[in-house]
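K.L.:
I'd like to ask some things about the structure below.
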């Protein structure tokens with residue numbers, strides 16, 4: 001046990017947010033520790049020299065608050081970026097029932113993972129390490145899946161359009177493609193073929209090559 005008569009009495013003294021209460025005799029060693037009460041309510045044992053030189057001024061709450069401010073400031077600086085608009089749009093159509101597109105997203109159970117919905121910086125970092133470019137849009141690989149890292153990618157508008165739930169998938173032989181892709185492959189008039197499909201579902205190989213529907 002330390003000889004308290006040789007130790008400077010700090011009891012009642014305030015150091016930042018910490019108020020020294022009493023010597024912490026449970027801490028063995030050559031240095032003296034003080035049990036301190038933090039303004040936030042936490043109790044922390046701190047070395048006397050750290051109190052006196054100002055290197056420790058709280059139980060740790062000051063650093064947490066500063067980290068939150070730094071994150072908030074960084075997010076604020078990014079709020080005018082295209083990625084922030086994309087992130088906001090994703091959350092709006094999944095969580096806001098007043099959004100014009102909610103029925104196609106939140107209305108049918110599509111949501112945003114906690115990692116992204118609660119932290120724009122997480123979404124921002126993922127985007128910039130997974131192929132984001134200014135000319136690309138975010139696309140869910142599985143149209144019935146959520147917005148989450150494992151189900152999202154960055155694609156051009158053409159790929160995005162081909163992955164819509166409204167697309168018509170046609171199987172010819174062992175290959176399944178959208179009706180748009182088959183029309184491009186066979187150089188067919190998409191509008192005419194689409195109209196025929198919607199009338200009677202006839203998009204067989206023979207039907208696609210029907211001369212009346214070529215460009």
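A short reminder: the numbers here are calculations on the coordinates, not readings from a lab. Just so it is clear, the structure is predicted and the values come from calculations on it, not from any experiment. Cβ: placed from backbone, ideal geometry, glycine included. Neighbour counts: every protein chain shown.
K.L.:
Multiplying the sequence separation of residue 24 and residue 55 by 0.36 nm and subtracting their Cα-Cα distance, what value in nm do you get?
P.N.:
9.3 nm
K.L.:
What is segment 83-162's relative contact order, in percent, from Cα pairs under 8 angstrom and six or more apart in sequence?
P.N.:
Here the relative contact order equals 24 percent.
K.L.:
Taking 8 Å as the Cα distance limit and 6 or more residues as the minimum spacing, I'd like the relative contact order of segment 4-63 as a percentage.
P.N.:
It rounds to 27 percent for segment 4-63.
K.L.:
If you don't mind, there's one more thing I want to ask. Using the basic label-point model (7 angstrom from Cα toward the beta carbon), what is the residue 67 to residue 11 distance in nanometres?
P.N.:
Placing both labels 7 Å along Cα→Cβ, they lie 3.5 nm apart.
K.L.:
Work out how much length residue 42 to residue 192 would gain on full extension: take 0.36 nm times their residue separation and subtract the Cα-Cα distance, in nm to one decimal.
P.N.:
46.7 nm
K.L.:
I've got another one for you. Considering only C-alpha atoms, what is the centroid distance from segment 118-154 to segment 42-59, in Å?
P.N.:
One Cα centre to the other: 44 Å.
K.L.:
Once a ≥ b ≥ c are taken as the square roots of the eigenvalues of the Cα gyration tensor of segment 4-63, is the result rounded (a/c under 1.5), prolate (a/b larger than b/c) or oblate (a/b not larger than b/c)?
P.N.:
Prolate shape, in that a/c is at least 1.5 and a/b is the bigger ratio.
K.L.:
So what is the relative contact order for segment 1-147, in percent, with contacts set as C-alpha pairs under 8 Å and at least six apart? Don't skip to the answer; put the middle values down first.
P.N.:
Details: 152 pairs, mean separation 18.4, N = 147.
This gives 13 percent for segment 1-147.
K.L.:
How would segment 83-162 be classified by its alpha-carbon gyration tensor: rounded, prolate or oblate, with rounded meaning a/c under 1.5 and the a/b versus b/c comparison settling the rest?
P.N.:
Here segment 83-162 falls in the oblate category.
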